[in-house]
Every structure is written in structure tokens, then in C-alpha cells.
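Trainee: Can you read through this structure? Questions will come right after.
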Amino acid sequence: MGKFRTKKKGGEGIPTSALPDIIFILLFFFMVVTKMKKQEKMVDTHIPEATQVVKKNEALQTIELYIGVPKDKGAFGDQPVIQANDRFITPNGIRQFMAEERGKLPIDKQSPSNIQVAIIADDEVDMGKINDIEKILKDIGFRKIFYKAAKNHQASL
Amino acid sequence: MKPRKKRVQEEVNSSSMADIAFLLLIFFLVSTEMPNEKGLNFTLPKKQDKNEVEVVETKINKRNVFGVIVNSNNDVLAKEEPVKIEDLRAKAIAFITNEGKDENLSDDPSKAIITLRIDRGTKYQTYIEVQDALLGAYNKIWADYLGMSEQRFLALDDKNHEHVAMKSRARKAFPFLLSKMEPNDFGNY
């Protein structure tokens, strides 16, 4: 009587011996191209688009201000606020904040000409708020502003 | 004859290596972000000194001022005429590079001042678009002056001395005279 040869079971499936190497390559890739998050964003910022965007000047020290509607609307309301280093501040609080942040920098880089303020604001924010912030920054001598924006690919150059 | 020692190959158990690598990978995925730092640079005007005598009659010819006003309806007014944001850049270029041809526009690039007033209530997006158009006008003029494409001009590196020298050469020929005014200060004009 003829026997049917049953197919051998596939058994192992994909060989996994190279898996650690693959994962390590991925890991190294991410370690190289990314950088640590400085702070947790507590506001929604959908940044505006522009055509003339340039890379941020890395030679300068950067202090970041986030402006947008809080993510947790139940606790903080639905009006745009300023986030500076994991807390919300009023426009007048910028004076103190900037003084603190400046103090954290190396002594030879504390001059306002070495510092730029990155404004990362939601595109729906009222300019009145930004104007207030800029007025205060101007008053305390920080005049270099960097408006974070995304490259607009649709608009023709 | 001594019995041959069995060679014991004590290898580190590497079966959990993949798991360890996965954990590290996930940690890096969560705690890092892609550096995507692009945007527009701008320098605010100097703070006005209160001790300075305030009434300094600056003799700026009206033709040399390109006043841009954006109101809370996101309408743009340039040289007292409503314009679309898309046309603003071309108008600004025409104004700066006029060199005295049109009697309503500037008579010299070194005197051509652009003032920008943004009213309370304007959307940030609109402001960035206007700022983008005005910066774009200067970038175009500078790129043309240096005889290069705009993309190449924008890609000039701030750390490269030659590039910085080129930029300052262009800026000398066509100085960057864009001033942002505080809304309530504008009444003087």
C-alpha cells in the first residue's frame, strides 16, 4: 500500500538569529539621528508654513517658548498660553524665566547677542499675544527671534 | 594518558539579546525626537531709550517707506492699498529695487524702509506669511545680486566664513531695513 508522504512541518519559520543585529542597527540609527526631548510639550502647536525657512543657527544658544492652547483643556482652559520649561507663565513671567534660563548658560555665552528665542507657536494664535511677548523680550534686550515654521513645498519659489 | 578535557564553550546566553535591543530601541523612540529645527530668523528693533529726545523729526520721504499693515481680519494693506499676500513679495521687490524710476517707490535701496504693523487679533499664520513674503523679497534680491538661485542662497551656511562674507556683501548693497512696529506706535506716521 502506498503511503502518502506527509509534508514535513515548516518548523522554525523565519530564522531569528540575525534579529538582534537588525534591532541594534535600528537602535544605532535612532541614537544618531535623533536627540533627547528637552521638555514635554503641554500645548498644541501646529506650526505655520513658510517658504523662506532656514535652519536654526546652532551657533547661538536657544531658549524655547511654546505658545498654544493647552492639551489638557479641562484643567487649563482653552485659551492660548505660554509654556516655558514644563510650566505655564504669563507674558510678564518671561522676564524672570529669561533671567533664570540665561543663568544656566555658560558664562561666556550669557550675552543676549549669543541667545536666540525660539517662538514655537500654533498658527491660530492671536498676534496680540506674540506682540506682547516680543515687546517684553525687546525691553530686556533679547532681540534675536526664531519663528519655528515648516517648509511649504506647495508654494512656488 | 590523561583523559582529554572536554572543551566547554560557555557562551553568554544571547537569546534575550533581541529583547534587550528592543527595549533600548523603544526607549529611544519614546524619549527622543527628530531635530527639525527650521524657521524664520528675525531681529527685533532696539528698545527706544526713554532719555532720548523723543521728537526727532526724521526726514524720511514718504516714497521711501513701504508700510505694511495687517489687521485683525487678516487683511493686508501695503502702501495704503489692499494687497493679497501672494502679491506682497513682488510689490516689495519692486519697491526696494526701484532706484528712483517710479516716483511713488523708493529712490535708493539703502533708504527703502519696510515697516510692518500687526494688529491684535491677527492670526499667527497670517503674520508668518507676511513676514515670509517680505523676507522672501530680500532673499530674492540678495540671491540675484550674488548671481545664485534662491534655494542656494537659503542654503548658505552660517558657520562657513565664505558664505557669511557673501551674505554680508549682499546685505551691504541692499540693506535689510524691515522694522516691526508696535501697534500703538504707528500713529506717529
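The values are calculated or read from the model by the stated rules, or taken from the named source; none is laboratory data. Please read these numbers as outputs of a predicted model, since none were measured by experiment. Positions of Cβ are backbone-derived with ideal geometry, glycine not excepted, and every protein chain shown enters the neighbour counts.
Trainee: Taking the criterion of being aliphatic (A, V, I, L, M) and closer than 27 Å to B:ARG63 by Cα, would at least one residue in region B:99-107 satisfy it? Give the derivation first.
Mentor: Filtering region B:99-107 for residues aliphatic (A, V, I, L, M) gives B:105.
If we keep only those that are closer than 27 Å to B:ARG63 by Cα as well, we get B:105.
There is at least one residue in region B:99-107 that is aliphatic (A, V, I, L, M) and closer than 27 Å to B:ARG63 by Cα.
Trainee: Would you point out the residue of region B:84-122, among those that are in a loop (DSSP other than H, G, I, E, B) and among the aliphatic types (A, V, I, L, M), that is surrounded by the fewest Cβ atoms within 10 Å (Cβ to Cβ)? Spell out the reasoning first.
Mentor: Taking region B:84-122 and keeping what is in a loop (DSSP other than H, G, I, E, B), we get B:84, B:97-112, B:119-122.
Filter once more, so that each one left must be among the aliphatic types (A, V, I, L, M): B:105, B:112.
Working: B:LEU105: 19, B:ALA112: 22.
Among them, the one singled out is B:LEU105.
Trainee: Further question on the same structure: Looking at B:TYR127, B:TYR145, B:TYR138 in this structure, which one is surrounded by fewer than 19 Cβ atoms within 10 Å (Cβ to Cβ) and aromatic (Phe, Trp, Tyr)? Outline the logic, then answer.
Mentor: Details: B:TYR127 fails: surrounded by fewer than 19 Cβ atoms within 10 Å (Cβ to Cβ); B:TYR138 fails: surrounded by fewer than 19 Cβ atoms within 10 Å (Cβ to Cβ).
From the options B:TYR127, B:TYR145, B:TYR138, the qualifying one is B:TYR145.
To keep it simple, each residue is scored yes or no on (1) of a type in the set (D, E, K, R); (2) in contact with a strand residue (DSSP E or B) (Cβ under 8 Å, 6 or more places away or on another chain).
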{"residue": "B:ASN104", "(1), (2)": "no, no"}
{"residue": "B:ASP107", "(1), (2)": "yes, no"}
{"residue": "B:LEU116", "(1), (2)": "no, yes"}
{"residue": "B:TYR145", "(1), (2)": "no, no"}
{"residue": "B:MET148", "(1), (2)": "no, no"}
{"residue": "B:LYS167", "(1), (2)": "yes, no"}
{"residue": "B:ALA170", "(1), (2)": "no, no"}
{"residue": "B:PRO175", "(1), (2)": "no, no"}
{"residue": "B:MET181", "(1), (2)": "no, yes"}
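Residue-by-condition table, conditions (1) in contact with a helix residue (DSSP H, G or I) (Cβ under 8 Å, 6 or more places away or on another chain); (2) charged (D, E, K, R):
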residue: B:VAL70; (1), (2): yes, no
residue: B:ILE93; (1), (2): yes, no
residue: B:ASP107; (1), (2): yes, yes
residue: B:LYS123; (1), (2): yes, yes
residue: B:VAL130; (1), (2): yes, no
residue: B:ALA133; (1), (2): yes, no
residue: B:ALA143; (1), (2): yes, no
residue: B:VAL164; (1), (2): no, no
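Trainee: I've got another one for you. Filter region A:112-157 down to the residues that are of a type in the set (Ser, Thr, Tyr) and surrounded by fewer than 22 Cβ atoms within 10 Å (Cβ to Cβ), then identify the one that is nearest to B:ILE93 (Cα to Cα). Can you show your working first?
Mentor: Start the filter on region A:112-157 by keeping residues that are of a type in the set (Ser, Thr, Tyr), which leaves A:113, A:147, A:156.
Keeping just the survivors that are surrounded by fewer than 22 Cβ atoms within 10 Å (Cβ to Cβ) gives A:113, A:156.
Values: A:SER113: 29, A:SER156: 16 Å.
Once the filter is applied, the top-ranked residue is A:SER156.
Trainee: For region A:58-100, how many residues are assigned to a loop (DSSP other than H, G, I, E, B), acidic (Asp, Glu) and under 26 Å from A:ASN114 (Cβ atoms)?
Mentor: If we filter region A:58-100 for residues that are assigned to a loop (DSSP other than H, G, I, E, B), which is where we start, we get A:58-60, A:71-72, A:77-80, A:85-86, A:90-92.
Narrowing further to those that are acidic (Asp, Glu): A:58, A:72, A:78, A:86.
Keeping just the survivors that are under 26 Å from A:ASN114 (Cβ atoms) gives A:58, A:86.
Result for region A:58-100: 2.
Trainee: How many of the residues making up region B:135-189 are modelled with pLDDT of 80 or more, part of a helix (DSSP H, G or I) and of a type in the set (Phe, Trp, Tyr)?
Mentor: So the count comes out to 4.
Per-residue answers, yes or no, for (1) within 13 Å of chain B (Cβ to nearest Cβ); (2) surrounded by fewer than 19 Cβ atoms within 10 Å (Cβ to Cβ); (3) among the β-branched types (Val, Ile, Thr):
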{"residue": "A:GLY13", "(1), (2), (3)": "no, yes, no"}
{"residue": "A:PHE24", "(1), (2), (3)": "yes, yes, no"}
{"residue": "A:LEU27", "(1), (2), (3)": "yes, no, no"}
{"residue": "A:HIS46", "(1), (2), (3)": "yes, yes, no"}
{"residue": "A:GLU58", "(1), (2), (3)": "yes, yes, no"}
{"residue": "A:THR62", "(1), (2), (3)": "yes, yes, yes"}
{"residue": "A:ILE67", "(1), (2), (3)": "yes, no, yes"}
{"residue": "A:PHE76", "(1), (2), (3)": "no, yes, no"}
{"residue": "A:ASN85", "(1), (2), (3)": "no, yes, no"}
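Trainee: Could you grab me the full set of residues in region A:27-61 that are over 12 Å from the mean Cα position of the chain (by Cα) and touching a residue at least 40 places away in the same chain (Cβ under 8 Å)? Reasoning before the result, please.
Mentor: In the first step, residues of region A:27-61 are kept if they are over 12 Å from the mean Cα position of the chain (by Cα); the result is A:27-33, A:48-61.
A:PRO48, A:GLU49, A:ALA50, A:THR51, A:VAL53, A:LYS56, A:ASN57, A:LEU60, A:GLN61 - these are the residues of region A:27-61 that are over 12 Å from the mean Cα position of the chain (by Cα) and touching a residue at least 40 places away in the same chain (Cβ under 8 Å).
Trainee: Now for a separate question. Could you please find all residues in region A:72-97 being of a type in the set (Lys, Arg), within 16 Å of A:LEU137 (Cβ to Cβ) and free of Cβ contacts under 8 Å to residues at least 12 places away in the same chain? Spell out how you get there, then give the answer.
Mentor: Start the filter on region A:72-97 by keeping residues that are of a type in the set (Lys, Arg), which leaves A:73, A:87, A:95.
If we keep only those that are within 16 Å of A:LEU137 (Cβ to Cβ) too, we end up with A:95.
Hits for region A:72-97: nothing passes.
Trainee: Answer with yes or no whether A:ASN131 is assigned to a loop (DSSP other than H, G, I, E, B), within 8 Å of another protein chain (Cβ to nearest Cβ) and closer than 28 Å to B:ARG117 by Cβ.
Mentor: Numbers: assigned to a loop (DSSP other than H, G, I, E, B): no; within 8 Å of another protein chain (Cβ to nearest Cβ): yes; closer than 28 Å to B:ARG117 by Cβ: yes.
In short, no.
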